[in-house]
Amino acid sequence: MALVTVKPTRIDIAIANEIADHTNPELEGTAEALTWGADEHVLLVLAAAGWLFARRRPAEERRAANHILVVSLVTAIVPHILKSAFNQIRPDRLTIRGHRRGIPFSGQARDAFPSGHAVHMGALASAAGLLPPPRRRFVRVIATALSLTRIALLAHWASDVIAGFTLGIVIERILRPWTLARRSNKPADRRIRS
């Protein structure tokens, strides 16, 4: 039983109505395929594979792989906890027009807030700050585009995606000091001083 019911804003409803009025099966099929790029299962497998690959790499790359794996795990867990506390009906449950134009049903009907896909992508976009500028921009564009597929599919309201993306950024920044901290390899000085 959810503790809080979240209602969509007028802007959320207007955006969802526009999408329902102008979508088509080809657009929805493309968005449905792309949205897998932000799925927690796919990201956890990729993060675990990257972590395993980095075990024989330099220390800086191992720290980065540790960071990505921890962030991926946390961003996979937190949305489920929040979805149990918040109750919000997905926009795809409120449209008939959109389903006639190719919009599929997604997830549990009352699990709209926040968008878990957007949480993952917000964390990825934030972590991209550790990359050189050209790659950073590329990752951030991809993360934003993948988050927007959740709106295009009417799986989430725009505010769910914005909240999820922001939450992902916050999670990544909170974890960064611990997962990326350099550990000293020097043994502790155990001499007794007088």
request  = Just read off the accessible area of F113 with the full protein assembly in place, 1.4 Å probe, to the nearest 10 Å².
outcome  = 40 Å²
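How big is the range 1-67 by the Kirkwood estimate over distinct Cα pairs, in Å?
On the way: mean 1/r = 0.0628 Å⁻¹.
Roughly 15.9 Å, rounded to one decimal.
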task = Sticking with the crude label model, points 7 Å out along Cα→Cβ, report the distance from I13 to L73 in nm, one decimal please.
result = 4.3 nm
task = Please list the non-local residues whose amide H lies under 5 Å from the amide H of F113, H modeled 1.01 Å from N, same-chain partners needing a gap of 5 or more.
result = Q88
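Pull out the extension gain between R55 and R136, defined as 0.36 nm times the separation in residues minus the alpha carbon to alpha carbon distance; nm, one decimal. Can you show the working numbers first?
Values: separation 81, 0.36 × 81 = 29.16 nm, distance 2.34 nm.
Taking R55 through R136 to full extension adds about 26.8 nm, to one decimal.
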task = Kindly sort I171, I11 by accessible area of their heavy atoms, largest first, with the probe set to 1.4 Å.
result = I11, I171
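The values are calculated or read from the model by the stated rules, or taken from the named source; none is laboratory data. Only a predicted model underlies this, so the values are computations on that prediction, with no experimental measurement involved. When we count neighbours, we look across all protein chains shown, and the Cβ atoms used for this are built from the backbone with ideal geometry, even at glycine. The protein model used for the area step is the full one, side chains on, heavy atoms only, and it has no ligands, DNA or RNA in it. Shrake-Rupley method; radii C 1.70, N 1.55, O 1.52, S 1.80 Å.
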